[in-house]
1. Calculate the length of the line joining the C-alpha centroid of the stretch 76-98 to that of the stretch 139-185, in whole Å.
2. Of K67/K153; K67/K162; K113/K162, which pairs sit farther than 31 Å apart, going by alpha carbon to alpha carbon?
3. Over the chain, with every protein chain in place, what whole percent of the accessible area is carbon and sulfur at 1.4 Å, could you tell me?
4. Take the chain, mark every one of the trypsin sites (Lys or Arg not before Pro) that falls in a DSSP loop and has at most 14 other Cβ within 10 Å, then report the longest stretch left between them, sites excluded.
5. Considering just Cα atoms, how many Å³ per residue does the convex hull of the stretch 32-128 enclose?
6. Looking at the chain from every direction and averaging, what is the projected area of its Cα convex hull in nm²?
7. Assigning unit charges at the beta carbon (Lys, Arg +1; Asp, Glu -1) and nothing else, what dipole magnitude in debye, to the nearest 20, does the chain show about its Cα centre?
8. Taking the Cα atoms only, what angle lies between the long axis of helix 73-84 and the longest principal axis of the chain, rounded to 10 degrees?
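The values are calculated or read from the model by the stated rules, or taken from the named source; none is laboratory data. What you are looking at is a predicted structure, and each value in this text was computed from that prediction instead of being measured. Heads up, the Cβs are rebuilt from the backbone with ideal geometry, glycines too, and the neighbour counts pull from every protein chain shown. All accessible areas refer to the heavy atoms of the entire protein, side chains included, with ligands and DNA or RNA removed. Shrake-Rupley method; radii C 1.70, N 1.55, O 1.52, S 1.80 Å.
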Amino acid sequence: MAILLASPAAMAEDVADPEANTFESSGYGLHPGDIILISIWGEEGLDRPVLVGPDGRISFPLVGNLKAGGRTVEELTGIIAKRVSRYVPNPLVTVSLQDIPGNRIYVLGRVNKPGDFMIGRDVQVMQALAMAGGLTPFADRKDIKVLRTVDGKQVQIPFNYKEVERGKNLQQNIPLQAGDVVVVP
């Protein structure tokens, strides 16, 4: 679980509107359904678990509604500290990741154990298929698809199991993202 403390004095003010910022980070990006714990030292009445809503937003006192989906704990800590500093001088904000039920992938079709799987680490297509118990004898090994939502639109990424199994075109074995669906016809 990641825990980060931040105060406005320690944060760099690189943009006027953090909401408009596109965040890129190597850390875990929050997903709808994830649960975080937000606390402000000396303001125990504000300590509470917060659910990342289906729209990727959270609501917190003195902060209001805030986009959390896709942001890391560190990024969110900085934004919350900045907003709270309007009401609490030099706040010491702690955001910690409590549960990640929103970080799921789905494998369906001709696999032995179709279903949804929580991923707490990088999982590639071959690993996801193994999590689903492998392919059934009648699975089309050449026409597997990964369905992914990109900028609100569904895209499909082809995956040829036979090639990867033979050590060819290994770049197909992509890391999956939360919400991806692996379809085995």
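1. Each part reduced to its Cα centre gives a spacing of 39 Å.
2. Exceeds cut-off: K67/K162.
3. Taking all protein chains in place, the chain shows 52 percent carbon and sulfur surface.
4. 1-85
5. Convex hull of Cα atoms, per residue: 97 Å³.
6. Averaged projected area of the chain's Cα convex hull equals 11.7 nm².
7. Computed charge dipole of the chain: roughly 800 debye.
8. With rounding to tens, the tilt is 30 degrees.
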